[in-house]
Amino acid sequence: MFSLSGKKALVVGVANDQSIAYGCASALRAQGADLAITYLNDRAEKYVRPLAEKLDAEIIEPLDVSMPEQEAALFDVIRDTWGTLDILVHSIAFCPKEDLHGRVIDCSAEGFKLAMDISVHSYLRLIRLAEPMMAQGGTCLTVSFYGSEEVVEDYNVMGPVKAALESVTRYVAAELGDKMISVNALSPGPLATRAASGIAHFDEMLADAAKRAPTHQLASIEDIGAYAAFLASEEARNVTGAIVKIDGGYSIMG
């Protein structure tokens with residue numbers, strides 16, 4: 001129905017073949033996009049590089065968003081290789097375990113600051129770097145979760161963090177709309193990823209989500225990737241500022 005042929009896409013957050021970012025990268029590539037894929041560090045590279053090569057990624061570079069010099073270096077490579085960028089997918093989040101597993105009220109200032117920086121402000125930084133390369137318009141996507149708007153047991157401080165991410169999405173969508181740069185967030189229900197495994201009692205959360213959802217099915221990374229690819233297409237150019245639920249109806253149930 002639509003094509004991303006010739007589009008240049010940066011996907012940040014691939015950790016393994018179960019990552020939401022990998023689902024997005026696979027779907028973008030299937031629709032014809034050329035890919036740049038990042039890995040967190042040397043330890044992660046041995047898992048990510050084979051996946052990136054499988055998707056014929058033209059750019060495979062390190063990116064730890066806590067190191068601003070790596071952000072700048074990545075975009076230097078993209079600029080030198082492609083000159084432009086059409087699609088940015090940001091699928092990273094982090095919170096120190098001791099803060100993630102405690103009450104929100106007990107979260108340390110340092111832990112809160114780090115969670116907000118990695119999970120939210122890094123999205124702003126990457127968009128700011130991408131903006132000059134999206135002279136003909138573009139698409140920026142991030143990944144949120146239902147716990148941003150409702151209290152989800154054991155999600156703890158990541159709820160307020162994701163709420164901030166969604167607010168950022170709306171404000172930046174308003175700021176970049178006249179440049180035809182869309183900014184949206186994908187909000188899947190619970191699904192088994194490495195990042196989510198750090199949440200206490202996550203297996204119980206998965207089982208409850210499948211039980212509660214009208215479809216009785218959890219979202220898959222393929223579901224999320226398909227929606228990401230659509231939002232990156234010309235057909236979705238007038239969709240911006242949206243928080244898209246991809247959860248089998250889980251979020252509509254009381």
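We did not get these values from a lab; they are worked out from the coordinates using the rules stated. Just so it is clear, the model here is predicted, and its values are computed rather than measured. So basically every Cβ, Gly included, is an ideal-geometry build from the backbone, and we count neighbours across all protein chains shown.
Numbers for the structure displayed
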quantity: Packing rank of 180-188, 30-38, where each peptide gets the mean count of other beta carbons within 10 Å, highest leading; calculated: 180-188, 30-38
quantity: At 1.002 mPa s and 20 °C, Stokes D of the stretch 51-110 from Kirkwood alpha-carbon radius, µm² per second; calculated: 147 µm²/s
quantity: Helix 158-176 axis, angle to the chain major axis (alpha carbon atoms, nearest 10°); calculated: 30 degrees
quantity: Per residue Cα convex hull volume in Å³ - calculated over the stretch 141-194; calculated: 77 Å³
quantity: Nearest 10 degrees, 0 to 90: helix 221-231 Cα axis against the chain principal axis; calculated: 50 degrees
quantity: Simple Cβ-charge dipole of the stretch 8-245, Lys/Arg +1 and Asp/Glu -1, about Cα centre, in debye nearest 20; calculated: 260 debye
quantity: Local electrostatic count at K7 - Lys and Arg +1, Asp and Glu -1, tallied over other residues with Cβ under 15 Å; calculated: -3
quantity: Per-selection Rg to Rh, the chain - Cα, Kirkwood hydrodynamic radius; calculated: 0.94
quantity: The stretch 92-147 and the stretch 1-75: distance between their alpha carbon centers, rounded to Å; calculated: 18 Å
quantity: With 5 Å bins from 0: P(r) over the stretch 14-95, alpha-carbon pairs, percent; calculated: 3, 14, 27, 28, 20, 7, 1
quantity: Extreme residue, positive dipole direction of the chain, given options A30, H101, L51 (C-beta unit charges); calculated: A30
